[in-house]
Amino acid sequence: MSRAAWRIERVDRPLPGLLAVSLSRPGGREVWLMAAGPPRAKLAWAIVAERPRGDPADEALRALRVEVEGAVVVAAREGRALVLELSRGDDALWLTVDPRRGPVVESATPGEHPGGLLVEGAALDRARARGPGFVDAHERALGDEARRAARSLLDKARARLTRRVAAIDADREAVREAERQAARARLFVSAAATARRGQRELEAVDYSSGAPVRVTLSLVPERGAREQLEALFARAKRLRAGERVAVARQLEASRAIEAIDAAREELAHARTRAEVDGVLSAVEPQLPRGSTPGVAPATTASRAVPSKLPRGVRAFTSATGQTIFVGKDAPSNDALTTRVARPGDLWLHARGLPGAHVVAPRWYARGGGDGETLLDAATLAAHFSGARGDAIVDVAYTDRRYVRRVRGAAAGVVALQEERVIPLRVEPARLARLLS
C-alpha cells in the first residue's frame, strides 16, 4: 500500500464481533472485514467488494468512527492481530483488531511499526479469495456461540427446576409426617385434659392394630399438654392447606422441564442467532425467574424514600435495588400503610395470619414487572408473620390504593378491595440475603 493509496471512508459493525472498514481510492473501493471479538478466538479477516449491512452503530462504534474515518492507510501488518498503520495529518495511529480485545486505536511514533508481516501481494489476493463466504461463516459462528449459550442457560434452568421438584417432594413428605404426628396426638387428648403443668409425658392406649397397645408422648415441661397438642394439630392443618399450592407448583415445574427438553431438541436444528432467539423466546415464560439475562436493575425510585420513617418501620433492599419497607408491630404497620405508602405502591401481607405490612414504593407505578422485588417483598412478609419457619406461605399482595383501614378496628387492621395471592416457597438463601 502506498501512503496515499487508501483512505478510510467508513467503519461499521455489520454483525457482533465483525468490523467492516470501507476503503476508497481513485481506482476503486473495497471493504476489509475483520474479526473483532467473540465468537472468533483467532485472527480472521477477508476483503469484499461491497459493504455488508447489519447492526446499527452503538456508542463505541461512533467513537471509533471519530478517531479513524478520513485517515490514510500507510500499511497493514498481520501477526496475532491485524494492524492498520494510519496517518491523519501530523498524527500516526495504529488501528489494532484483535479478537481478544476488539478494535483498539493507539497513538504511534511516525516511522515506528507495530510488528508483524506486511500485508501485500499474495496476502491480499488470499484475503479477497476468502471474501465471498466470510460473512456467512461469521454468521454461522455466531449461531454456534448462541446455541452453546442457550443450551447452557436451559441446562441451568432445568437443574433449578429439578431441585425445586425434589424440594417440593420433601415438603410434601413433611406434610405426611405432620399428619402422622397429629393422628397420633389425638390418642392423648383425654390425657391432656387432666395433665399437670410440668408433666414430662402422656400415656394412652392405641387400638388401631386391633389389640390394646400402651403408648406415650413426650412433653416439654414448660408448656401445657393441651397447648402442645393444639400446636401439632395447627401445624398439620397449616401444612395440609399449603400442600395444594405445593402440588400446583410441582406440576408447573414438571411442565416447565418438559418445555425445556423440547426446546433443547429444537436448538439442535437452530443455525442462526435469530433461530436460537426464537427458541428461547418461546420457552422463556416457562423458565424460573432470573434465568434469562437482560433485565436492568432498578437503581432509583421515582419517588424519594422518606428521610425519616415512622418508629418501628424497617427498610430492606431487593435484589434489583428497590427499597422495601416492613412494619414491626400494629402501630408501625398502621403508620406504614396510612402515612408512608401511596397508590401505585406494592402492598403485601401473609394471608390469614398475623404479621407485618410490607410496602415496595412505586412498584405498580413502574409497570409491576420487577419479579425479584415481588419475591423479596413476599419473603419478608412471610418471615415477619405467624408462618415464620414454614416452607410454603400464601402471601396476599395488591396496589396500596385497594387497602382500607377498618373503621373502629385496632391499629393495623385493614381490608383489601382487590388482592392476588402468591404461594411463596421460602428460599433460605433469598431470606439470608435480605436480612444481611
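Looking at Ala231, Ala241, Ala259, which is the one that is in contact with a helix residue (DSSP H, G or I) (Cβ under 6 Å, 6 or more places away or on another chain) and aliphatic (A, V, I, L, M)? Full working, then the answer.
Numbers: Ala231 fails: in contact with a helix residue (DSSP H, G or I) (Cβ under 6 Å, 6 or more places away or on another chain); Ala241 fails: in contact with a helix residue (DSSP H, G or I) (Cβ under 6 Å, 6 or more places away or on another chain).
Result of the check over Ala231, Ala241, Ala259: Ala259.
Scan region 338-360 and report the pairs whose first residue is open to solvent by 10 Å² or more (accessible area, probe 1.4 Å) and whose second residue is in a loop (DSSP other than H, G, I, E, B) and small (Gly, Ala, Ser), with Cβ atoms within less than 8 Å and a gap of 6+ or a chain change.
Qualifying pairs under 8 Å: His349/Ala356; Leu353/Gly386; Leu353/Ala387; Pro354/Gly386; Gly355/Gly386; Gly355/Ala387.
Sort out which residues of region 80-100 are open to solvent by 40 Å² or more (accessible area, probe 1.4 Å) and either assigned to a loop (DSSP other than H, G, I, E, B) or polar (S, T, N, Q) (or both), and write them in order of number.
Answer for region 80-100, where residues must be open to solvent by 40 Å² or more (accessible area, probe 1.4 Å) and either assigned to a loop (DSSP other than H, G, I, E, B) or polar (S, T, N, Q) (or both): Arg80, Gly89, Asp90, Arg100.
Being assigned to a loop (DSSP other than H, G, I, E, B), within 19 Å of Ser24 (Cβ to Cβ) and touching a residue at least 12 places away in the same chain (Cβ under 8 Å), is that true of even one residue in region 101-116? Can you show your working first?
Residues of region 101-116 that are assigned to a loop (DSSP other than H, G, I, E, B), as a first pass: 101, 109-116.
Right, trim to within 19 Å of Ser24 (Cβ to Cβ) and you get none.
No: zero hits.
Kindly indicate whether any position in region 14-35 is in a strand (DSSP E or B), open to solvent by 30 Å² or more (accessible area, probe 1.4 Å) and of a type in the set (Lys, Arg).
Looking only at region 14-35, we keep the residues that are in a strand (DSSP E or B), and these are 14-15, 18-25, 28-35.
Narrowing further to those that are open to solvent by 30 Å² or more (accessible area, probe 1.4 Å): 25, 29.
Within this subset, residues satisfying the condition of being of a type in the set (Lys, Arg) are 25, 29.
Yes, there is a match, as at least one residue in region 14-35 is in a strand (DSSP E or B), open to solvent by 30 Å² or more (accessible area, probe 1.4 Å) and of a type in the set (Lys, Arg).
Name the residue that is surrounded by the fewest Cβ atoms within 10 Å (Cβ to Cβ), counting only residues in region 185-218 that are hydrophobic (A, V, I, L, M, F, W, C), without any contact (Cβ under 8 Å) to a residue 40 or more places away in the chain and under 27 Å from Asp171 (Cβ atoms).
So in region 185-218, the residues hydrophobic (A, V, I, L, M, F, W, C) come out as 185, 187-189, 191-193, 195, 202, 204-205, 211, 213, 215, 217.
Cutting the leftovers down to without any contact (Cβ under 8 Å) to a residue 40 or more places away in the chain gives us 187, 191-193, 195, 202, 204-205, 211, 213, 215, 217.
Of the ones still in play, those that are also under 27 Å from Asp171 (Cβ atoms) are 187, 217.
On the way: Leu187: 17, Leu217: 19.
Step by step, filter region 185-218, then rank; the result is Leu187.
What is the residue count in region 400-436 for residues that are within 25 Å of Gly368 (Cβ to Cβ) and in contact with a strand residue (DSSP E or B) (Cβ under 7 Å, 6 or more places away or on another chain)?
Adding up the residues that qualify gives 19.
Going residue by residue through region 237-249, is there one that turns out to be open to solvent by 40 Å² or more (accessible area, probe 1.4 Å) and acidic (Asp, Glu)?
Within region 237-249, none of the residues are open to solvent by 40 Å² or more (accessible area, probe 1.4 Å) and acidic (Asp, Glu).
Where in region 330-436 are there strands (runs of 3 or more DSSP E), lying wholly inside it, with at least 2 residues that are among the basic types (Lys, Arg)?
Numbers: elements: 346-350, 358-360, 392-399, 403-405, 414-416, 420-425.
Where strands (runs of 3 or more DSSP E) fall fully within region 330-436 and carry at least 2 residues being among the basic types (Lys, Arg), they are 403-405, 420-425.
The values are calculated or read from the model by the stated rules, or taken from the named source; none is laboratory data. Keep in mind it's a predicted model, so treat the numbers as computed, not measured. Virtual Cβ from ideal backbone geometry, glycine too; neighbours counted across all protein chains shown. Side chains included, ligands, DNA and RNA excluded: accessible areas come from the protein's heavy atoms. Shrake-Rupley method; radii C 1.70, N 1.55, O 1.52, S 1.80 Å.
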